[in-house]
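Values in this text are rule-based calculations from the coordinates and carry no lab data. This structure is a prediction, so every number in the text was calculated from the model and none was measured. Here the Cβ positions follow ideal geometry from the backbone for every residue, glycine too, while neighbour counts run over all protein chains shown.
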Amino acid sequence: MVVSRNDIILKLQSDILRLQGFKQERGSSSLNSGLGSLVNAFPNSTFPTGCIHEFLSDSKESSAATTAFIGGLVNMLSGTSGVTVWISSGRKLFPPALANFGLHPERFIFIDLKKERDLLWAMDEALKCEALTTVIGEIDAVTFTESRRLQLAVEQSNVTGFLIRNTVRNKVATSACVSRWRITSLPGERLDDLPGIGFPKWQVELLRIRNGKPGTWEVSWRQGGFDTHRLQETPHDIREHRMLG
């Protein structure tokens, strides 16, 4: 059997991505189809699961937008049977509001801890649990070593982790997370000019993505799914994406 050069290159690319923690598991197919043009930013046009995604936030409004956007991602990753652990030092989320994104509060386990080191420990342990689909941690400061430990945990369990950093104002330290995002609220999208606040809408900035293409999108949540429109593509150097910082 003769194998073409192109097939060999594709196989090598697939093997490299798998070694770097890029896997297509646990609901990623439905998520890919629901992300529209945003999915083209990811390696092999596949949303990375079994890895850590980092979200930066510097205001209450940005934090609320980040939580809502992650809610949509969790909806598509978890389906009707997935279980999510949410870890924070001061829970601000109103659980019944999860229904706005098709999520059931009874499928969430909320853990509230005061000390930063306890938050990191709890997230590390939760990410090792293969029975979970996603783990969300609200943690202010994370070193490269700590983020690397979290990434190693999900590479074994294949759980997808979302790291929310709510007090980011200065330069952000280097991280081992596969991606880095910033979500900003936009005016809601009204239907047929009817009164009300409209569908949730955000400016989604994919600041860093390993082996992918960063960019900015206008994203809304309507009728149980994402509606995406690309605004711009961020110039990037592929070497830079192999180590997020």
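Each of Thr133, Thr216 has some number of other Cβ atoms within 10 Å of its Cβ, and from fewest to most they run Thr216, Thr133. Measuring between alpha carbons in the structure, the pairs from Lys60/Lys128; Lys60/Lys114; Lys92/Lys115 lying more than 28 angstrom apart are Lys60/Lys128.
What is segment 80-125 by shape, rounded, prolate or oblate, if you read a ≥ b ≥ c off the alpha carbon gyration tensor as root eigenvalues and call it rounded for a/c under 1.5, prolate for a/b larger than b/c, and oblate otherwise? Note, shape of segment 80-125 comes out oblate. Start at zero, step by 5 Å, and the Cα-Cα distances of segment 23-182 spread as 2, 9, 20, 23, 23, 16, 6, 1 percent across the bins. Within segment 72-138, the GluC sites (Glu not before Pro) that combine a DSSP coil assignment with at most 11 other C-beta atoms in a 10 angstrom radius are Glu130.
Backbone phi angles across segment 122-136, fed through the Karplus curve with coefficients 6.51, -1.76 and 1.60 (θ = phi - 60°), yield HN-Hα couplings of 5, 5, 4, 5, 5, 5, 7, 7, 5, 6, 8, 9, 9, 10, 10 Hz in residue order; Gly and Pro are listed as x. Taking the number of Cβ atoms within 10 Å of each Cβ as an exposure proxy, the fewest-first ranking of Lys213, Lys201 is Lys213, Lys201.
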